[in-house]
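A.B. asks: One structure, pasted below without further comment.
All of the numbers you see were taken from the coordinates with simple rules; none came from a lab. Keep in mind that this is a model prediction, so the values were computed, not measured. Here the Cβ positions follow ideal geometry from the backbone for every residue, glycine too, while neighbour counts run over all protein chains shown.
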Amino acid sequence: MALLVHFLACAFGIGSWVAVNGLWVELPLIVNALPEGWDLPSYLTVIIQLANVGPLLVTLMHKLYPGCLKEYIVIYSILSIGVLSCILLAFFWDRTTIFIGASRSTAFFIITFFLSLVDCTSSVTFLPFMMQLPAKYITTYYIGEGLSGFIPGVVALAQGVGMAKCVNSSETAGNHTGSLHTEYLPPNFSTEVFFFILAAMMCISLAAFVALNRLPRTYELSTENLVQDTVVSVSSYLDNSGADLDGGSVKSNGEAVAQGRHLVAKPSVYQLTFIYFLVVWVNSATNGLLPSVQTYSCMPYGNLAYHLSAALASVANPVACTLAMFIQNRSLVFLGLLAVVGTGFGSYNMAMAAMSPCPLLHGSAVGEAIIVLSWLFFTGTLSYVKVMVGVILRDRSHNALVWCGAATQMGSLVGSVIMFPLVNIYQFFKSGDFCNTECPL
């Protein structure tokens, strides 16, 4: 029975962010088909931030009408919306309408908003539901949450991006004098199939939740008991590991809890300020600033470079989070240096975007390899930093985690709001055709 519950908890966790992660890794194929082109990621970052109205409403309901909002009803609703949205996306993702005199991806934007609403709201509903189960299943849920980024990335790598070739735009029989443009051959399977795969994963998550919600209530624990038992077990383990010098006697649970609270030194006010600055900056870079210009950073090197950057970065995130579970370094100096290293990779990515359509090493395999590795290390290093600052704040207090969540959303919002006008209004970044762009040597 326990193994079954572990499987269900993992499958349930997959539904948390699989839809949005799937959209990001599929963008290398979508940007070539929709009228927004290379500007599409900047729209996506803003839409995701607007979808935070979901968790805001859930939080307000809990505050204003305690006990009235049933979490299982909300979860049933959002997972059902997620399944329906993925299916609709498979049929209507490339449908456009004329808005303010230009062709717009209206259907794609509307459906993306609902998918983002599902994933954002899962952050404030899935984990509270899992808190009803014993603590060992929480870890399995987090593994599933990590797989929500890993699996779409692997599927995208299997899908491929299709080969690109340069074609004469006015090529006719006996006439080869026109300009060149890039033509993309189809990938291993279509975008529609990819979205159906996302829908299937959402169905699996919904089925897992139905099964978890029907489990015998013998598995149910209150949040207070769960937290207390966890603290006692961890504190007792630490206490036994560093036994009493006088006699090595095992202390009572109450003493273990009291000692456990003092084993990890709480950060000072200055350290807390630095930690929250890290949270704001890292999330601003990874959720707003850089994703908005990933097309401009990668597409000049070809669609394959963009495809690998998006897919491998999606895989790097859960890998870095898993690594943080086993190799923990809470040194603020180390985390600060790691953030600087990640920012260095991000700065290179931003510089290449600003130089688009003629970035450094344009048209060379070395340039392609560097931009892919730069995105990979940018995502990996800053993902590790995000996890570790969360661990530090978790050990401080519940309020510290609440403020961490607020700082995360503020950083993501600021990054998105800054980049949207730069990309779409001031057109600071320039696009170009891979085959028709002449760059100086």
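A.B. asks: Out of Ser284, Ile327, Ala400, whose Cα points farthest toward the positive end of the dipole of the chain (charges: +1 Lys, Arg; -1 Asp, Glu; placed on Cβ)?
C.D. replies: Ala400
A.B. asks: Hey, what D do you get for region 290-441 in µm²/s if you plug the Kirkwood alpha-carbon radius into Stokes-Einstein at 10 °C and 1.306 mPa s?
C.D. replies: Translational D for this selection: 95 µm²/s.
A.B. asks: When the dipole is taken about the Cα centre of region 269-440, and only Lys, Arg (+1) and Asp, Glu (-1) are charged at their Cβ, what size is it in debye, to the nearest 20?
C.D. replies: 500 debye
A.B. asks: Towards the positive end of the charge dipole of the chain, with charges on Cβ (+1 Lys, Arg; -1 Asp, Glu), say which of Ala353, Val161, Ser416 has the farthest Cα.
C.D. replies: Towards the positive end, the residue furthest out is Ser416.
A.B. asks: Rank Asp94, Asp119, Asp39 by mean-square fluctuation in a GNM of the chain with C-alpha springs under 10 angstrom and give only the top-ranked residue.
C.D. replies: It is Asp94.
A.B. asks: Also, I was wondering about something else. Quick check for me: using +1 on Lys/Arg Cβ and -1 on Asp/Glu Cβ, what's the dipole size of the chain about its Cα centre, in debye to the nearest 20?
C.D. replies: Dipole size: approximately 640 debye.
A.B. asks: Sticking with this one: Please sort 406-417, 204-215 by packing, taking for each peptide the average over its residues of neighbouring beta carbons within 10 angstrom, highest first.
C.D. replies: Descending mean neighbour count gives 406-417, 204-215.
A.B. asks: Still on this model: Helix 303-326: angle to the longest alpha-carbon principal axis of the chain, degrees 0 to 90, nearest 10?
C.D. replies: 10 degrees
A.B. asks: Let me ask you something else. Taking only C-alpha pairs under 8 Å that are 6+ residues apart, what is the relative contact order of region 269-440 in percent?
C.D. replies: Normalised by residue count, the contact order of region 269-440 is 43 percent.
A.B. asks: What angle do you read, to the nearest 10 degrees and between 0 and 90, between the alpha-carbon axis of helix 136-159 and the longest principal axis of the chain?
C.D. replies: 10 degrees
A.B. asks: List the equivalent ellipsoid semi-axes of the chain in whole Å, largest first, each obtained as the square root of 5λ for an eigenvalue λ of the Cα gyration tensor.
C.D. replies: 43, 26, 19
A.B. asks: Could you work out the helix-only [θ] at 222 nm for the chain, with each DSSP H run of four or more residues adding -39,500 (n - 2.57) and the total divided by the number of residues, to the nearest 500 deg cm²/dmol?
C.D. replies: -22500 deg cm²/dmol
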